[in-house]
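Data first, discussion second: the structure below is written as structure tokens.
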Amino acid sequence: MDYDTPVMELKGVGEKARGLFQKINISTVGELLSHYPRDYETFGEPTPVAEAKVGQVCAVYGAVAGTPSQKKVRNLTILNVNVKDQSGAMLLTFFNMPFLKKLLRPGGHYLFRGLVQSRGAAKLMEQPKLYSYDEYRERMGIMQPKYSLTKGLTNQAVQKAARQALERFEFPEEHYPEELIRRLGLMSCRDALWSVHFPADRDSLLRARKRLVFDEFFDFLLLLRRNRDFAASLPNNYPMVETADTVRFLERMPFGLTGAQKKVWQELREDMGSRRCMNRLIQGDVGSGKTIVAVLALLMCAANGYQGALMAPTEVLATQHFETVSEYTREYGLIFRPVLLVGSLSAKAKREACERIASGEANLIIGTHALIQDRVQYRNLALVVTDEQHRFGVRQREILAGKGKEPHVLVMSATPIPRTLAIILYGDLHVSVIDELPGGRLPIKNCVVNTSYRPKAYEFIAKEVAAGRQAYVICPQVEEGELEDVENVVDYAEKLRSALPAGVQVAYLHGKQRPADKNRIMEEFGAHNIDVLVSTTVIEVGINVPNATVMMVENAERFGLAQLHQLRGRVGRGEYQSYCIFVSAREQKETMERLQILNRSNDGFFIASQDLKLRGPGELFGIRQSGDFSFALGDIYTDAGTLQQAAEAVERILEEDYDLSLEKHRLLKEHVSKPSPRSVDFRTI
Ligand code: ADP
Ligand code: MG
């Protein structure tokens, strides 16, 4: 077996399992092995009911007291079971698992494991896992991998498949030079893959992770280095001069640019008029006003008779940019002839858009990565701006080069990173920083609360809505996969609807909706036809609705602080006082302290680095700090040290042997020419 072997060749993986695996983007053994656990759990000794602590995950062993009772509430079947041991009793609640009613015999002994919650003085568990005593004993003390799942696919099934794949896999020979392995004390790839799925202990897990993260960074940086050398050699194919269009636009705009925006705009003008092709990154915290600067560059581009493109990671964001630009165009009589190109357009609309692009009739093209697909032919594309998350690399350049000459590239990012990291990660770009927020903004008021505060939070939202404002509620992420995120968001929206006064318009948004539906909902929210939007973190990226003043985040403890900071950036974008409510289901002191950092600072980078300090490098899984780089495991904050090492390793090797032609680099060269599925998703670089 190798990376490309279909998962179907594993014993026990049939047609049905194949379909389920495919849903989580696994069709080969390589993809299965790089489907790393998202967490691990170790089962401890069962706890007597009386000693089970609220807010902690516990296992209790007890007898079912009385007959389980069942009721239906809307589309939920709720099963209540009392369980008793010598020390006390506890209520268990199961959702949509009616078969348990028969399975759980009154008087029978079972082991239940779950999060202990309180209702008044009583303790309860919702949706605990059920084990026989022996089953549980077998697992005690061993680190169990927990995988991301999809409905119908159990954790058990993924574990079994992964174990079998590891057993039958023919691991490739080590591709790094021996000296590198020794100097950095890297684990072999074989051991690393075994240990990341089935760690013997914490130590080997950490070493495994280090090796895998190193691989990701190394592959990425090698590619980046080549990109840099290539980009630096490009001439300016589209020289531009400033025209009256941008000057007039700036004069008519309701607000003046901040000092930082002015400085960056100056840099862009210089770049686009210079002898070399522009390769620039604008880094600016959420709400710092990056969009307007990009619009100015695109306007200069159009005024010089060229086409420009603005590319966003999601359709929702692309659509919003299109609306913003269309409004500017109408309001200020700009020379833009914008066109939107996203996947969810009808075939006919797409064809028409493509025609307008090919003929040059459209001079500003806004969309998702659909923009660089083969069949889009540009007339004279001179500038590509990518907003949030999308990097722009050799691959895309190659595609575009086939359609004309290399355009100027501008990348915008809100990921707060310090300069040293930026130089490593964006080594191929010049960096501009917008380090100033537009004036007149009221600082966001934050609070960190526990779940009992919910009714008050809903009251507060109702009050803001009554005052004409809007709110976001970010829904709890689902832990095990027995209920999918989707159902969760839908249920939550339903609950919220009944908790808020009649007439408040509540809608929901999640990743699995059709793009066209998502766009519609975002548009409606933007147009204030929706008051409260319940959403998963799909909302995290870039959305701008200045009338929204409340951001309520459920299960805030499960997010990285940097991510919470991004979420917070969705409010406080207008003239109104805005509020953030972080709801934590864990009341442990450390969790609350961690979240309190958000109260004390608005500086994204400071927040991310504090988070790291507080959590300690032990807690490396589960929480992701940054969505900006599509590494599977590596996190630019958590693994800054490894990133540095990988950068140095790449430099050393290229310095000695730029073409990788030495014998000791033979396997590395092979590896580079065919990146393993474990490397970064090259499509997005
Ligand atoms: P981000 O940098 O997060 O992409 P946006 O570009 O979406 O931020 O800008 C956030 C909001 O700030 C928008 O409503 C925008 O119109 C507004 N804005 C941008 N620049 C200024 C400025 N100089 N003065 C006042 N408001 C501004
Ligand atoms: Mg933005």
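The values are calculated or read from the model by the stated rules, or taken from the named source; none is laboratory data. Source: prediction; values computed, not measured. Here the Cβ positions follow ideal geometry from the backbone for every residue, glycine too, while neighbour counts run over all protein chains shown. Surface accessibility is based on the protein's heavy atoms, side chains included, excluding ligands, DNA and RNA. Shrake-Rupley method; radii C 1.70, N 1.55, O 1.52, S 1.80 Å.
Scanning the range 433-452 for residues that are open to solvent by 70 Å² or more (accessible area, probe 1.4 Å) and either of a type in the set (Ser, Thr, Tyr) or under 20 Å from GLN596 (Cβ atoms) (or both) returns PRO443, LYS445, SER452. Taking the range 401-430 as the range and being away from ligand 1 (no atom under 12 Å from the Cβ), modelled with pLDDT of 85 or more and either touching a strand residue (DSSP E or B) at 6+ places or on another chain (Cβ under 7 Å) or of a type in the set (A, V, I, L, M, F, W, C) (or both) as the test, the residues that pass are PRO407, HIS408, VAL409, LEU410, VAL411.
Is it fair to say TYR176 is in contact with a strand residue (DSSP E or B) (Cβ under 7 Å, 6 or more places away or on another chain), crowded, with 17+ Cβ neighbours inside 10 Å and not in a strand (DSSP E or B)? No; evaluated as a whole, the condition is false for this residue. Cβ separations smaller than 9 Å between residues 6+ apart or across chains give the following pairs from the range 348-372 residues that are free of Cβ contacts under 8 Å to residues at least 24 places away in the same chain to residues that are part of a helix (DSSP H, G or I): LYS350/ALA370. Is at least one residue of the range 41-60 closer than 30 Å to CYS189 by Cα and open to solvent by less than 60 Å² (accessible area, probe 1.4 Å)? Yes, the range 41-60 contains at least one residue that is closer than 30 Å to CYS189 by Cα and open to solvent by less than 60 Å² (accessible area, probe 1.4 Å). When the range 376-400 is filtered for residues that are at pLDDT below 75 and outside any helix (DSSP H, G or I), the ones remaining, listed by number, are GLU388, GLN389, HIS390, ARG391, PHE392, GLY393. Only residues that are modelled with pLDDT under 95 and either of a type in the set (Lys, Arg) or within 11 Å of ligand 2 (Cβ to nearest atom) (or both) were counted across the range 260-290, and they come to 11. Taking the listed residues GLU327, GLU323, GLU315, the one that is acidic (Asp, Glu), free of Cβ contacts under 8 Å to residues at least 12 places away in the same chain and either open to solvent by 10 Å² or more (accessible area, probe 1.4 Å) or within 16 Å of ligand 2 (Cβ to nearest atom) (or both) is GLU327, with no other qualifying.
Matching residues to (1) modelled with pLDDT under 95; (2) over 21 Å from SER413 (Cα atoms); (3) part of a helix (DSSP H, G or I):
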site	(1), (2), (3)
LEU298	no, no, yes
LEU317	yes, no, yes
GLN320	yes, no, yes
THR324	yes, no, yes
GLU355	no, yes, yes
ILE365	no, no, no
ALA370	yes, no, yes
ASP374	yes, yes, no
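Scan the strands (runs of 3 or more DSSP E) fully inside the range 519-586 and keep the ones with 1 or more residues being within 16 Å of ligand 2 (Cβ to nearest atom). The strands (runs of 3 or more DSSP E) meeting that bar are 548-553.
Condition check: within 22 Å of the chain's Cα centre (by Cα), in contact (Cβ under 8 Å) with a residue 24 or more places away in the chain and open to solvent by 20 Å² or more (accessible area, probe 1.4 Å). Does ALA516 satisfy that? In short, yes.
Answer yes if at least one residue in the range 3-14 is on the phi > 0 side of the Ramachandran plot and surrounded by 14 or more Cβ atoms within 10 Å (Cβ to Cβ), and no otherwise. No, there is no match, as no residue in the range 3-14 is on the phi > 0 side of the Ramachandran plot and surrounded by 14 or more Cβ atoms within 10 Å (Cβ to Cβ).
Residues are listed down the side, and each one gets a yes or a no for (1) open to solvent by less than 10 Å² (accessible area, probe 1.4 Å); (2) at pLDDT 90 or above; (3) aliphatic (A, V, I, L, M):
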{"position": "GLU554", "(1), (2), (3)": "yes, yes, no"}
{"position": "LEU567", "(1), (2), (3)": "yes, no, yes"}
{"position": "GLU575", "(1), (2), (3)": "no, no, no"}
{"position": "GLN596", "(1), (2), (3)": "no, no, no"}
{"position": "ARG615", "(1), (2), (3)": "no, no, no"}
{"position": "GLU656", "(1), (2), (3)": "no, yes, no"}
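In the range 255-284, of all residues being within 8 Å of ligand 1 (Cβ to nearest atom) and farther than 18 Å from THR386 by Cβ, the one that is most open to solvent (accessible area, probe 1.4 Å) corresponds to PHE255. Quick check, is VAL339 within 14 Å of ligand 1 (Cβ to nearest atom), at pLDDT 95 or above and of a type in the set (A, V, I, L, M, F, W, C)? Judged against the criteria, VAL339 is not a match. Scanning the range 291-312 for residues that are open to solvent by 20 Å² or more (accessible area, probe 1.4 Å) and either within 10 Å of ligand 2 (Cβ to nearest atom) or without any contact (Cβ under 8 Å) to a residue 40 or more places away in the chain (or both) turns up just one, THR291.
If we keep just the residues of the range 252-296 that are among the acidic types (Asp, Glu) and part of a helix (DSSP H, G or I), which is farthest from the chain's Cα centre (by Cα)? That would be GLU270. In this structure, THR67 does not qualify as touching a residue at least 12 places away in the same chain (Cβ under 8 Å), open to solvent by less than 60 Å² (accessible area, probe 1.4 Å), among the polar types (S, T, N, Q) and farther than 30 Å from ARG163 by Cα.
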